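Heads up: the structure comes next, in structure tokens.
The values are calculated or read from the model by the stated rules, or taken from the named source; none is laboratory data. Keep in mind it's a predicted model, so treat the numbers as computed, not measured. Note: ideal-geometry Cβ built from the backbone for every residue, glycine included; neighbour counts use all protein chains shown.
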Amino acid sequence: MSSTSSGSAVHGDVTASPFTSAVHGKVPEGVDPITPNVARMYDYLLGGKNHWPADREAAEQLLKVAPWGREAARSNRVFLGRAVEAVTADGVRLFIDIGSGLPTQDNVHEVAQRVQPGASVVYVDIDPVVHVHARPILTGNDSTRVVQADVRDIDAIPDHPDVRKLIDFEQPIAVVMGALLHLLTDADDPADILDTLQEALPPGSALIFSYACTDDLEEGTIKEATSVYSGAAATMTARSSAGFRRLVGDEWTWREPGLVPVRGGRLDLDDKALLPDMAANFFGGVALPRRYQQREAA
């Protein structure tokens, strides 16, 4: 799940994991252990336990192309957690984490509810294994739910009954899209998805982004990395930070310091201490619907 972790992800006793059952010939319903899965690959990069051989092999291929991949994944998680802390401190109490991925340390609900115990969080992911693993973790937490839905059907998410149980669309909402949009092709029309979101969000809302960009990467590296994902359950679409800004369009403004490279989880252009040799391939920021900013200015 979109979250922060400066070290390896901790998922508890591996014997409790649905992935362990695959060793004994049991695979959770709806789960494909043969095709590399981007959520499980990401979990492997974070040091988690929720992956199968196909996922590990694909992730290792990616690390051959981008040896800084583990550090980039961890810094991205740290950034997302700090962004959640910041918007919660600003007064946001409602969160929808789209493309949440597998549970790790300091999930969005844990971060938000530390700052504001009354915060409510809905996790949204198309991957059935996310639901298999998340539901036991969320048992007993009445302010958190997990919903199986596809970001490409963005209109259906606000109307989902489990979303409506926790999220009041008359109150400020933070939507988290961590390391998600680069997994959408141009045919998926991510710009339209963002336009739909900004129309649905009430005043005071925010969109927390992180995105894998191609800035400073050689063309050969980009081709090899996208090739790894071509064999996975979701492909990667190569875009630069400038291309991502065009995708976001003019309907959003950026909270300071804007869309910037994420290193060490800090929004600081000059902070290269944690990852001195890493290309600035993850960018992050907090976006605000422009129409509300214009009304406030008026």
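Annotations
- Taken over the stretch 230-244, residues that are of a type outside the set (Gly, Ala, Ser) and out of contact with any strand residue (DSSP E or B) (no Cβ under 9 Å at 6 or more places or on another chain) amount to 2.
- The residues of the stretch 123-167 that are part of a helix (DSSP H, G or I), under 19 Å from Asp106 (Cα atoms), over 17 Å from the mean Cα position of the chain (by Cα) and touching a residue at least 12 places away in the same chain (Cβ under 8 Å), listed by number, are Val132, Pro136, Ile137, Leu138.
- Every listed requirement among (1) farther than 29 Å from Ala200 by Cα; (2) touching a Phe, Trp or Tyr at 6+ places or on another chain (Cβ under 9 Å); (3) modelled with pLDDT under 90 is met by Val23 save one, (2).
- Among the conditions (1) part of a loop (DSSP other than H, G, I, E, B); (2) within 21 Å of Arg164 (Cβ to Cβ), Pro117 misses just one, which is (2).
- Residue in the stretch 231-238 that is touching a residue at least 12 places away in the same chain (Cβ under 8 Å), closer than 27 Å to Ala89 by Cβ and either acidic (Asp, Glu) or surrounded by 15 or more Cβ atoms within 10 Å (Cβ to Cβ) (or both) present: no
- For Val121, the conditions (1) in contact with a helix residue (DSSP H, G or I) (Cβ under 6 Å, 6 or more places away or on another chain); (2) modelled with pLDDT under 95 are fulfilled apart from (2).
- Residues in the stretch 63-86 that are crowded, with 24+ Cβ neighbours inside 10 Å and aliphatic (A, V, I, L, M): 3 in all.
- Among the residues examined, His160 does not qualify as crowded, with 20+ Cβ neighbours inside 10 Å and at negative phi.
- Restricting Ala59, Ala54, Ala83 to residues that are assigned to a helix (DSSP H, G or I), modelled with pLDDT of 90 or more and in contact with a strand residue (DSSP E or B) (Cβ under 9 Å, 6 or more places away or on another chain) narrows the list to Ala83.
- Any hit, the stretch 179-190, residues being outside any loop (DSSP other than H, G, I, E, B), of a type in the set (Ser, Thr, Tyr) and either loosely packed, with under 14 Cβ neighbours inside 10 Å or touching a helix residue (DSSP H, G or I) at 6+ places or on another chain (Cβ under 8 Å) (or both): no
- Within the stretch 206-220, being surrounded by fewer than 16 Cβ atoms within 10 Å (Cβ to Cβ) and touching a residue at least 12 places away in the same chain (Cβ under 8 Å) holds for one residue alone: Asp216.
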